[in-house]
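Heads up, the thing below is written out as C-alpha cells.
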C-alpha cells in the first residue's frame, strides 16, 4: 500500500490506481466520432452497426477507452511524477449503456513504477487492457503540484 513518508509517497506493487466508473451513451459516442473526425458508422448508426456490420448495437471507440485509461494514469502519477508511456489494446466489443470500471494496479513500485491498467465490464471481463510506466519527478505537494523537468537536451524547445 502507498505510504507517505517525509513528504514523499512510497509506491508499492499491489497498490490500486484511483479507478472510476464510466457509462458511455450514444450521444457521447456520436460526439467522440465528431471531434476525432471518425466517420465509421459503427459508432453512431445503430441500424448500420446491426444490419451491415452484424453487431448488436453501436460500439464504444477503442481510443475513447484509451482516453479513460490516460485519465486514470495521469490522476495516479500527477501527485508525484509523470507518465512516461502507456499502451493498451481493446479485445472485447463494448456497447453504449454498459457500465464500465476503469482501474489498475501497480506491478512495480519505486521511483520508476509500472502498473497494469484496464477497462472492465460488469462481470470483470477486461474489454481493454494495457500498461503504464511513470517516473518520479522530484515530488509534489498535497494539491498535486509537481516539478516537471523536460529531459530532452534542448529543454523541450525543439519542435
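The values are calculated or read from the model by the stated rules, or taken from the named source; none is laboratory data. Please read all numbers here as calculations on a predicted model, not as lab measurements. As a convention, Cβ positions derive from the backbone with ideal geometry for all residues, glycine included, and neighbour counts pool all protein chains shown.
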- Item | Single unsatisfied condition, residue 50 versus (1) surrounded by fewer than 18 Cβ atoms within 10 Å (Cβ to Cβ); (2) within 21 Å of the chain's Cα centre (by Cα) | (2)
- Mind checking which residues of the stretch 84-115 are over 29 Å from residue 46 (Cβ atoms) and surrounded by fewer than 17 Cβ atoms within 10 Å (Cβ to Cβ)? 84, 85, 87, 105, 107, 108, 109, 110, 111, 112
- Does residue 1 satisfy the condition of being in contact with a strand residue (DSSP E or B) (Cβ under 7 Å, 6 or more places away or on another chain) and either under 24 Å from residue 132 (Cβ atoms) or modelled with pLDDT under 95 (or both)? no
- Query: Do we have any residue at all in the stretch 19-42 that's at pLDDT 95 or above, touching a strand residue (DSSP E or B) at 6+ places or on another chain (Cβ under 8 Å) and either assigned to a helix (DSSP H, G or I) or within 16 Å of residue 131 (Cα to Cα) (or both)?
  - Reply: yes
- Message: Among (1) in contact with a helix residue (DSSP H, G or I) (Cβ under 6 Å, 6 or more places away or on another chain); (2) surrounded by 14 or more Cβ atoms within 10 Å (Cβ to Cβ); (3) farther than 25 Å from residue 138 by Cβ, there is one condition residue 17 misses while meeting the rest; what is its number?
- Response: (3)
- Item | Residue list for the stretch 21-51, filter: in contact (Cβ under 8 Å) with a residue 24 or more places away in the chain and under 16 Å from residue 97 (Cα atoms) | 21, 22, 23, 24, 25, 26, 28, 29, 32
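Counting just the residues of the stretch 61-90 that are assigned to a loop (DSSP other than H, G, I, E, B) and under 15 Å from the mean Cα position of the chain (by Cα), which one comes out farthest from residue 9 (Cα to Cα)?
Taking the candidates together, the pick is 61.
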- Name the pairs: first residue in the stretch 62-73 and under 13 Å from residue 93 (Cα atoms), second residue in a helix (DSSP H, G or I), Cβ to Cβ under 7 Å, at least 6 apart or on different chains? 64/32
